[in-house]
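Down below is the structure, laid out as structure tokens.
The values are calculated or read from the model by the stated rules, or taken from the named source; none is laboratory data. Every value quoted in this text rests on a predicted model; they were computed, and no experiment measured them. As a convention, Cβ positions derive from the backbone with ideal geometry for all residues, glycine included, and neighbour counts pool all protein chains shown. Quick note on the areas: whole protein, heavy atoms, side chains included, nothing else; ligands and nucleic acids left out. Shrake-Rupley method; radii C 1.70, N 1.55, O 1.52, S 1.80 Å.
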Amino acid sequence: MAIYLTKESRVLVQGMTGGEGMKHTRRMLAAGTNVVGGVNPRKAGRTVGFDERTVPVYGTVAEGMAATGADVTVVFVPPAFAKAAVLEAADAGIGLAVVITEGVPVHDSVAFTSYARGRGTRIIGPNCPGLITPGQSNAGIVPADIAKPGRIGLVSKSGTLTYQLMHELRDIGFSTCVGIGGDPVVGTSHIDCLGAFQEDPDTELVVLIGEIGGDAEERAAAYIREHVTKPVVGYVAGFTAPEGRTMGHAGAIVSGSAGTARAKREALEAAGVRVGSTPTETARLVLELLDTRQPEGS
């Protein structure tokens, strides 16, 4: 099983004919993703060759959906055009839009996440690596060769830490890994993913990666306390970050004691989450918990 993305997902790529779109479409196809079309109004009607696969280009998301039955779009467009691309996808009624674009203005993110939510389109991102269900489908820029299918669900603000934990736990494998992005406004939260992993019968344990800034991890801790029965292991990046300065992601700003790594760790631990001090320690905690859950005689 998986959350949000499976081998049945049919994927469009908005911006497929650009440099980044071409590169990552080729990687997605190599990972087994069913990329059924690209979207570029200036190149509609053409096809693009990717090794042994030829992918058609449509003028709009609606045209691509009508022709292919696509239910996912991955957005590789410049920041100035991201809002229009997402609004178009939401108007077409697509189920999932994965917005890879970095540098999207916050007011644009507020506008398109709210608009999409009202039309039943889930947004992942912006400024995210996307998501991967190993062995089934990969929508975004997550390297497909660092993990295999398995029992762990992963939700992370940080793309780099997503990759590191996937590598650390590659021998166990993952149901789905979701990089939600670290901007102040994102379409899918830790809580959304926690709820989905809780309902997924093949996810045995969840890894939650947070970072300084905001209160997303504190809210996730409150949700875990009330709604999540599966074990959760956490990691919070930014223990050495100076207060009052933006560090890395646009959302990673700390004011006083609010949003600090220490405050987040304390909230998560109070909810029963085991929190690692480093990514490697976090992986070790995962292995310990999974070992204690092995049935007798296994």
Checklist outcome for this item: Going through segment 33-59 in order, the residues found to be loosely packed, with under 15 Cβ neighbours inside 10 Å and in contact with a helix residue (DSSP H, G or I) (Cβ under 8 Å, 6 or more places away or on another chain) are Asp51, Arg53
Next on the checklist: Looking at segment 103-131 only, could you name the residues that are in a loop (DSSP other than H, G, I, E, B) and either among the small types (Gly, Ala, Ser) or modelled with pLDDT under 95 (or both)?
Outcome noted: Gly103, Gly120, Gly125
Checklist outcome for this item: Note on Gly118: of the conditions (1) closer than 18 Å to His24 by Cβ; (2) open to solvent by 30 Å² or more (accessible area, probe 1.4 Å), unmet is (1)
Checklist entry - What number of residues within segment 43-84 satisfy the criterion of being over 20 Å from Glu8 (Cβ atoms) and either acidic (Asp, Glu) or in a loop (DSSP other than H, G, I, E, B) (or both)? => result 12
Checklist entry - What about Ala267, is it modelled with pLDDT of 95 or more, hydrophobic (A, V, I, L, M, F, W, C) and either assigned by TED's automatic domain parsing to the domain that holds Ser175 or in contact with a Gly (Cβ under 8 Å, 6 or more places away or on another chain) (or both)? => result yes
Item to check | All positions within segment 198-224 that are more than 19 Å from Val286 (Cα to Cα) and assigned to a helix (DSSP H, G or I) | outcome: Glu199, Ala216, Glu218, Arg219, Ala222, Tyr223
Checklist entry - If you check Thr160, Thr203, Thr176, which single one turns out to be touching a strand residue (DSSP E or B) at 6+ places or on another chain (Cβ under 8 Å), surrounded by fewer than 24 Cβ atoms within 10 Å (Cβ to Cβ) and not assigned by TED's automatic domain parsing to the domain that holds Val104? => result Thr203
Checklist entry - Taking the stated definitions as given, is Thr17 exposed (fewer than 14 other Cβ atoms within 10 Å of the Cβ) and farther than 30 Å from Glu199 by Cβ? => result no
